[in-house]
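**Student:** Please see the structure below; I have some questions.
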Amino acid sequence: MSNGTILKYLQGKLPEEDRVDFERQLREDAALAEAVEREKEVQIAVDLIARYRKREQVAAIAEGLEEEAPKRMPLAKVAGSFLLQPMGRVAAGVLLLIVAGFVFLQQRYSDAAIMRSFGQRYELDLTDKGGGAQEETLKAAMENYKAGNYEQALEQFSGLPNTINEYWLVQLFIGNCELELKRYQSAADTFSRIVGESEFYEETARWYLALAQLGANRGDQARATLNAIAPGQFNYTKSQQMLSRIDSPFRHLPGI
């Protein structure tokens, strides 16, 4: 897929039939998804550079107007007069765009923003047909989890004995409750234990471990965790997309 086609897609200029075909390929081709992500970043960079140049021009004009203003006129009045002029309105607009650009980057490239973009709640029915109080507790925990009552679900999951069937799956739900409650360090500890001790749930836990590490503002740890996800494993394509976001040059801008 050529860069020209990618750019047309991002600009909304692809014909409808081509757009549908492109988006189908985008879902299936991790390399294409990464290329689209890179092109988005390039376009953002080009846009920001243009805004900075405009801001410098406006600042130079503003400085010249201030020097020419009568000394007896208060600076606040000069500024107010400037904003009433067409160029003053342009300056204000450009400044707002620059601020909006930084807000956008913060919302897209910070650890927390990446976690929110790629986060997904674990969905799987967990039942125990053993009967008795244990089965009822597990059933109630799952109902609370599905309803978003994570505090109650966490308490109920944590109260189950380590002899329960699917013990490690219960731990996976505990980690997800902690993740939803923004207890990122506890969640990371839970998922790390699953990765180290459960061969069956290791792949799934590794993905959620990376999310918890991002939530705890540990991008370097999340990068190492995501790099351990191999092709064919749980959420491999998303892990590659997340890595490209983590390694974006925009992450080195102040405040991100």
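The values are calculated or read from the model by the stated rules, or taken from the named source; none is laboratory data. Here the structure is a predicted model, which means the values were calculated and not measured. Reconstructed Cβ throughout: ideal geometry from the backbone, glycine too, with neighbour counts over all protein chains shown. When the accessible area is computed, the model is the full protein with side chains, heavy atoms only, and any ligands, DNA or RNA have been set aside. Shrake-Rupley method; radii C 1.70, N 1.55, O 1.52, S 1.80 Å.
**Student:** Of the listed peptides 31-40, 172-181, what is their order by residue-averaged count of other C-beta atoms within 10 Å, with the highest listed first?
**Tutor:** Ranked by mean Cβ neighbours within 10 Å, highest first: 172-181, 31-40.
**Student:** At a 1.4 Å probe, what is the % contribution of carbon and sulfur to the accessible area of the stretch 172-256?
**Tutor:** 46
**Student:** Follow-up. Give the residue from G219, Q134, L154 lying farthest towards the positive end of the charge dipole for the stretch 127-228; charges sit on Cβ (+1 for Lys and Arg, -1 for Asp and Glu) and the dipole is referred to the Cα centre.
**Tutor:** My answer, from the dipole projection, is G219.
**Student:** So what are the ³J(HN,Hα) numbers for the stretch 230-247, from phi and the Karplus equation (6.51, -1.76, 1.60; θ = phi - 60°), rounded to whole Hz, Gly and Pro as x?
**Tutor:** Here the 3J(HN,Hα) series is 8, x, x, 8, 4, 6, 4, 4, 5, 5, 5, 5, 5, 4, 5, 6, 5, 8 Hz.
**Student:** I would also like to ask the following. Any chance you could check the Cα centroid distance between the stretch 188-234 and the stretch 1-17 for me, in angstrom?
**Tutor:** When both Cα centres are located, 35 Å separates them.
**Student:** Can you bin the stretch 134-256 into rounded, prolate or oblate? Criterion: square roots of the alpha carbon gyration tensor eigenvalues sorted a ≥ b ≥ c, rounded for a/c under 1.5, prolate for a/b above b/c, oblate for the rest.
**Tutor:** prolate
**Student:** Further question on the same structure: So with the 1.4 Å probe, I'd like the accessible area per residue for the stretch 183-256, rounded to whole Å².
**Tutor:** Numbers: 3480 Å² over 74 residues.
Spelled out: the 1.4 Å probe surface of the stretch 183-256, per residue, equals 47 Å².
**Student:** Also: Would you kindly derive the ³J(HN,Hα) couplings of the stretch 115-121 from the backbone phi angles with the Karplus curve 6.51 cos²θ - 1.76 cosθ + 1.60 (θ = phi - 60°), listing them in order in whole Hz, with x for Gly and Pro?
**Tutor:** Whole-Hz 3J(HN,Hα) from phi for the stretch 115-121: 4, 5, 5, 10, x, 8, 6.
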